[in-house]
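Read-outs: derived from the displayed coordinates by stated rules, not from any lab. Here the structure is a predicted model, which means the values were calculated and not measured. Every residue, glycine as well, gets a Cβ built from its backbone with ideal geometry; the counts of neighbours run over all protein chains shown.
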Amino acid sequence: MAIQLRQLVAHLGGDLVGDPEREVSGIAPLDAAGSAHVSFLSNPRLRAQAAASEAAAMILTREDSERLGSQYAGARILVDRPYAYFARAAQWFASQSALPRTPGIHATAAVDPAARVAASAVIGPHVTVEAGAVVGERCVIDSGSFIGRDAVVGDDTHFHAHVCFHAACVIGERGIVHSGAVIGADGFGFANEDGAWIKIPQTGRVVIGVDVEIGANTTIDRGALADTVIEDGVKLDNQIQIGHNCRIGAHTAMAGCVGVAGSAIIGKYCTFGGAAMVLGHLTIADHVHISSGSMVSRSIPQAGQYTGFYPLATNAEWEKSAAIVRNLGTMRSRLRELEKTVAVLNAQNKKEN
Amino acid sequence: MAIQLRQLVAHLGGDLVGDPEREVSGIAPLDAAGSAHVSFLSNPRLRAQAAASEAAAMILTREDSERLGSQYAGARILVDRPYAYFARAAQWFASQSALPRTPGIHATAAVDPAARVAASAVIGPHVTVEAGAVVGERCVIDSGSFIGRDAVVGDDTHFHAHVCFHAACVIGERGIVHSGAVIGADGFGFANEDGAWIKIPQTGRVVIGVDVEIGANTTIDRGALADTVIEDGVKLDNQIQIGHNCRIGAHTAMAGCVGVAGSAIIGKYCTFGGAAMVLGHLTIADHVHISSGSMVSRSIPQAGQYTGFYPLATNAEWEKSAAIVRNLGTMRSRLRELEKTVAVLNAQNKKEN
Amino acid sequence: MAIQLRQLVAHLGGDLVGDPEREVSGIAPLDAAGSAHVSFLSNPRLRAQAAASEAAAMILTREDSERLGSQYAGARILVDRPYAYFARAAQWFASQSALPRTPGIHATAAVDPAARVAASAVIGPHVTVEAGAVVGERCVIDSGSFIGRDAVVGDDTHFHAHVCFHAACVIGERGIVHSGAVIGADGFGFANEDGAWIKIPQTGRVVIGVDVEIGANTTIDRGALADTVIEDGVKLDNQIQIGHNCRIGAHTAMAGCVGVAGSAIIGKYCTFGGAAMVLGHLTIADHVHISSGSMVSRSIPQAGQYTGFYPLATNAEWEKSAAIVRNLGTMRSRLRELEKTVAVLNAQNKKEN
């Protein structure tokens, strides 16, 4: 693949300083870029590395370009946000080398005659599309995926192999769902009667906005009566569990293994580190950031960074600190006792002196 | 859908007070019920809301009905346990509107001639049923599910799309297994030889009782030699991991992301909050309740509620408390030192006075 | 199945003491072995149990055999490492009774003409193999598995039902991948622009060594640009998440529900207890052992056992200790205050006496 720099800026913008016909074959970070690559400088601490780079062109801010001066010899693409530009350029390079997928329905797919599949969509081998389902323009539904009755898949959405998208669920345009994700299984709802559990039917849907990405083996349960809602631009990593009737606010991102219990309402622009957990029925404000491995057990009305995990130590040190944690009540009582005794001593001493 | 109240009580019991021919279209909680709904009062604190409800009929106890008096204008269905009745009524409404599934084997399914599939069962597209497997009466096996050699699926059991049910495993009547669940993969068993791991074959089964529900992407490993056992009425949410040779007691319920290591024996009527973890070879008594995010590292011989997770705080506060937790040994030593000093001071003071 | 002891030692080595033509039907641990079984003594504390065993033969060390003396009546197989020998013997017994799988491609499989599948391989129902993929000699690819474009599967590797192995990924010889595992989904990489997330294409691969086992519903993401690497002999249990660009060192073993964030570099011969978590971009030395439920938030340059989880208590006790943990800063201040006061008292006392 050979792309001229002028093609890149024609497509993505930015001011090109240097030879517009210089050809490049791809994009790479500073530590991997060779003379056929475009690279980028988004972290000011890497300026020295950028100066020494052999990259054919460098994506960077006007300010960083001036600071670099003549140290860097290649072409420059001046932009406001180099990292975002890099992401878009990488997407564009990837799209140039992607193999075209031929629209149509694979011979082994089982598409119900009462489903509506756009002629521009690609339906892979062993896919099932049930009656009433709608698959939009230019969708790609890979091998073995399942689309349930009356489900709706927006234009340009991509289901990788082995996705389960259950009856009546909806996903908007440009979604990406990774392998093994299960959208719309029953929520966990039971009534207890003398110790035994009676199932409460889960008749709500999962409704997902546009530009949402859902990781491999992630599960999002359908609502009990109302819907589970994933707003626009949400990004979920792998192995995440979202309980029934949750709402995840727009542009919130969650790393792998996060769990959100039922009916939690999570704000916009939040981030969750890996394996963070949220109890049910809580409300979390916009712009809240939860650290990895932290358990959220109360609502959080205020933006900020929150953390709660036991600090790692050698096993011997942990044994000691954990034993004391178990008995912190005793320690506090001893402290109180001492305070009293010392107060008495102090009073006596003052009287004497 | 229009159902008369007399049909509901004919099917589910309860004493109807009001017009038996009043028609309703479904069931809804107090905050969502309109004049075409049946609703229910199971939480006494919602009595005022019930009084103001427009619901066509209210499921409630005789006692709550008397307290409501004439405040509530609709019909009443008097029962002992309103929430359990609601669950059954919701099931019944759902069954009335469910689309009938036509028994038979889909043309794309691969059912071995040496498997026994009941004529009343539904086998969906792309399903595999291996030799010797048995699929009971009225089972529904949805798209892409896999049933291994000699496995047994009890009557009226429902596998949603993409279930894996491995060789020789057994599930009883009325089971529900959600998409992506893997029942009967090998347990994690190895012998170490000079640092390398030698696999120990896992030749036990998973044996599951009646009325068990298993969540999406949950995994239950087969036993090493003996079986892994899930007793009657157990309810497992999504993304749960049950190790080899565990036994989960009847009617125990586990929320999402719980992990149970191998050979743990868990009692009946227990509950586990989300992401709770149980180490291997432990024994947990009946009626034990483990809070979300808690790690069970010792056996629990006594019923009760148990908890263990680090309390969430702002990141700055956590940094401070975690640093002290790391050094609790030092803090305790300082406390001891003080106690000694104060004891000496105290003794001197007493002598002096 | 009847196997003579001489056949066992001919295949696996060890010195047989006793009747070489004694027939056995399988292998069992001490607490389950009957007179038709071979058993083993690997834990010296079980010597009394071994002495009383009816097993036809006992695998044990020469030293333990001498200590047993004439107490145990059966045959003996003297070896250096009884537990490793047991594992191999169990494998051998299992292989004797395994049903032969007929090589070939099932009629319902969708194998691209441009894929190369060894004639000795077994391709099950509903499998997809895309163009350019290579499936080695004697591989078994079970029902519904997916092998992406240009992926490479080494000889004698077994994919259980419903494995996803994405484009360009590589796994070496004798691998075992369990149901629902997803190898090579996109890593979680985004650039943030004014709060919204822009996807960074994930163009690296997952490269897996020989003798690797990967558990059910485990996910291993492909690298962003460079590869994610799983070295030889690694064993991963179920429900594990490995982020993009990680490297897992040879013979490291991880129990269920472990999560490793992107770009973490983990040494050889490490072990991770269930639900342990590792933050991104950390480096962990060889021979590091992380306890279950522990969060690794810094690099670990030194071998050893590390732990960090909040100790379980009754809920009432936890409420108390957690409240103190939240206020440890206050407790430390009170301690400092006391120390100062007592120091003054002490000084005064010394002056007076």
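Can you tally the net charge around A:A216? Count Lys and Arg as +1, Asp and Glu as -1, for every other residue whose Cβ sits under 12 Å from the Cβ of A:A216.
On the way: positive: C:R222; negative: A:E213, A:D237, C:D186, C:D221.
Result for the neighbourhood of A:A216: -3.
Fewest to most neighbouring Cβ within 10 Å: what's the order for B:E21, A:E193? Write down the numbers at each step before the final one.
Working: B:E21 9, A:E193 15.
Listed from fewest to most nearby Cβ atoms, that is B:E21, A:E193.
Rounded to the nearest 500, what is chain C's calculated 222 nm mean residue ellipticity when only DSSP H runs of at least 4 contribute -39500 (n - 2.57) each, over all residues? If you can, show how the numbers build up before the last one.
Numbers: 6 runs with 73 residues, N = 353.
That calculation yields -6500 deg cm²/dmol at 222 nm.
When the scattering of segment C:1-99 is computed by the Debye formula from its Cα atoms alone, each counted once and equally, what is log10 I(q)/I(0) at q = 0.19 Å⁻¹?
Log10 I(q)/I(0), no solvent term: -0.81.
What nm distances, shortest first, do you get from the label point of C:E54 to those in the other copies when the point sits 7 angstrom along Cα to Cβ?
C:E54 label point versus its equivalents elsewhere: 7.5, 7.5 nm.
For A:253-265, what's the mean count of beta carbons from other chains sitting within 10 Å of each residue's beta carbon? Write down the numbers at each step before the final one.
Working: counts 4, 1, 8, 12, 14, 3, 11, 3, 8, 4, 0, 0, 0.
Mean inter-chain Cβ contacts per residue within 10 Å come to 5.
Specify whether the C-alpha gyration tensor of segment C:132-187 places it in the rounded, prolate or oblate class, a ≥ b ≥ c being the square roots of the eigenvalues: rounded for a/c under 1.5, otherwise prolate if a/b is larger than b/c and oblate if not. Don't skip to the answer; put the middle values down first.
Numbers: a/c = 1.62, a/b = 1.14, b/c = 1.43.
It comes out oblate by the Cα gyration axes.
Name the residues whose placed amide hydrogens come within less than 5 Å of the amide hydrogen of B:A224, ignoring near sequence neighbours (fewer than 5 apart) on the same chain.
For B:A224, whose amide H was placed from the backbone, the distant partners under 5 Å are B:G204, B:N245.
Relative contact order of segment A:104-306: what whole-number percent is it, with Cα pairs under 8 angstrom and at least 6 residues apart?
Working: 725 pairs, mean separation 20.5, N = 203.
The value is 10 percent.
Using only the Cα atoms of segment A:188-330, build the gyration tensor, take square roots of its eigenvalues as a ≥ b ≥ c, and label the shape rounded, prolate or oblate: rounded if a/c is under 1.5, else prolate if a/b is larger than b/c, else oblate.
Values: a/c = 2.14, a/b = 1.38, b/c = 1.55.
Cα axes put segment A:188-330 in the oblate bin.
Over all alpha-carbon pairs of chain B, lay out the pair-distance distribution in 20 Å bins, whole %, shortest bin first.
For chain B, the binned pair fractions read 23, 40, 27, 8, 2, 0 percent.
Excluding A:C257 itself, what net charge comes from residues whose Cβ is under 13 Å from its Cβ, given Lys and Arg +1 and Asp and Glu -1? Before the final figure, lay out each step's value.
Numbers: positive: none; negative: A:D237, C:D221.
Combined, the nearby Lys, Arg, Asp and Glu give -2.
Quick check: the distance between the Cα centres of segment A:198-262 and segment B:310-353, to the nearest angstrom?
If we compute the Cα centre of each part, the gap is 46 Å.
How would C:S120, A:S143, B:S263 line up from fewest to most surrounding beta-carbon atoms within 10 angstrom? Working shown, then result.
Details: C:S120 14, A:S143 30, B:S263 20.
So the residues, fewest neighbours to most, are C:S120, B:S263, A:S143.
Once you sort the root eigenvalues of the Cα gyration tensor of segment B:78-134 as a ≥ b ≥ c, which label holds: rounded (a/c under 1.5), prolate (a/b larger than b/c) or oblate (the other case)? Intermediate results must be reported in sequence, preceding the final value.
Values: a/c = 4.34, a/b = 2.69, b/c = 1.61.
Prolate, because a/c is 1.5 or more and a/b exceeds b/c.
For segment C:268-309, report the % of Cα-Cα distances exceeding 16 Å. Write down the numbers at each step before the final one.
On the way: 203 of 861 pairs.
Tail of P(r) above 16 Å: 24 percent of Cα pairs.
Pairs B:K199/C:K268; B:K268/C:K320; A:K350/C:K350; A:K351/B:K350; B:K320/B:K340; B:K340/C:K320: which exceed 21 Å Cα-Cα? Provide the component values of the computation, followed by the final result.
Numbers: B:K199/C:K268 18 Å; B:K268/C:K320 28 Å; A:K350/C:K350 15 Å; A:K351/B:K350 14 Å; B:K320/B:K340 28 Å; B:K340/C:K320 27 Å.
Too far apart for the 21 Å limit: B:K268/C:K320; B:K320/B:K340; B:K340/C:K320.
Relative to 2.2 N^0.38 Å, what does the C-alpha radius of gyration of segment C:62-207 come to as a ratio? Two decimals please. Please report the intermediate quantities before stating the final value.
Numbers: Rg = 22.2 Å, N = 146, 2.2 N^0.38 = 14.6 Å.
Relative to the rule-of-thumb radius for its length, segment C:62-207 sits at 1.52.
Residues with amide H under 5 Å of C:T219's amide H, sequence separation 5 or more or different chain, H placed in the peptide plane at 1.01 Å from N; which?
Residues meeting the criterion, in which the H sits 1.01 Å from N, are C:V182, C:I240, C:Q241, C:I242.
Taking Cα centroids, how far is segment A:103-171 from segment A:1-71 in Å?
40
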